[in-house]
Amino acid sequence: MHIEIKQESRTDYQEVFDVNVKAFRQDSEARLVDALRKNDEVFVPELSLVAMDNNTVIGHILFTKIAIIDKNGEAHISLALAPMAVHPACQKKDVGGQLIYEGLEIARQLGYKSVIVLGHTDYYPKFGFKPASFWKIQAPFDVPDAAFMAIELVENGLTNISGTVRYPKEFDMV
């Protein structure tokens, strides 16, 4: 398998939808991706990436803008990593890892300072994610502390930032 990671293009949309449906065995995440693409306030085209093998989409990752609202009501911009999908036939072959590393690097180059993810506690720490509670950042809903994680893209990227994450309204659909 020769994997190429690239920015998603319009011609990839249907394949991205299909990969999300197959990976999650439902269409909620696929519909979430479609909805987030339409929100110019949070969608960052450079951070919607596909993994290709022989010109076929086998994986997708999306990072969108979110806010961390502090106790004074001030919003601090961060990114949400969600969703990430890999075709079931290609899982456990580092496709997800390559998508994550490339996405984090592009986000860093674009000037973002942090990323938040709700995910598997034995997977995301491999990439440097730690419980968001380390920075006194919390989810807006009830989730296990260890599953709600953050990573600083630059040194001290979350210093003096704490509060509750506010996701775009599109996330209410999942």
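Rule-based calculations on the coordinates, nothing more; no lab input. The shown structure was predicted, so the numbers you read here are calculated from the model rather than taken from an experiment. So basically every Cβ, Gly included, is an ideal-geometry build from the backbone, and we count neighbours across all protein chains shown.
Per-structure values
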quantity: Helix 28-37 axis, angle to the chain major axis (alpha carbon atoms, nearest 10°); calculated: 80 degrees
quantity: Over 22 Å [Cα-Cα, the range 3-173], rounded percent; calculated: 40 percent
quantity: Under 21 Å from Lys22, Cα to Cα: lysines that are on another chain or at least 8 residues apart; calculated: Lys6, Lys92, Lys93
quantity: Residue order, fewest to most beta carbons within 10 Å, for His2, His76, His120, His87; calculated: His2, His120, His76, His87
quantity: Stretchable slack from Glu74 to Asn54, in nm (0.36 nm times residue separation minus alpha-carbon distance); calculated: 2.6 nm
quantity: Degrees, to the nearest 10: 95-109 long Cα axis against longest axis of the chain; calculated: 50 degrees
quantity: Helix-only mean residue ellipticity at 222 nm for the chain, each DSSP H run of n ≥ 4 adding -39500 (n - 2.57), per residue, nearest 500; calculated: -6500 deg cm²/dmol
quantity: The chain: most fluctuating residue of Met84, Met52, Met149 per GNM, C-alpha cutoff 10 Å; calculated: Met52
quantity: 0 to 90° range, to nearest 10: angle between helix 13-24 axis and the chain longest Cα axis; calculated: 70 degrees
quantity: Within-15-Å neighbourhood charge of Val21 [Cβ basis; K, R +1; D, E -1]; calculated: -3
quantity: Range in the chain, longest, excluding exposed GluC sites (Glu not before Pro) [loop by DSSP; at most 11 other beta-carbon atoms within 10 Å]; calculated: 75-154
quantity: Rg/Rh for the range 90-155, where both radii come from Cα atoms and Rh is the Kirkwood radius; calculated: 0.98
quantity: Hits among aspartates and glutamates - C-alpha to C-alpha of Lys126 under 19 Å, sequence gap 8 or more where chains match; calculated: Asp94, Glu102, Glu105, Asp145, Glu152, Glu155
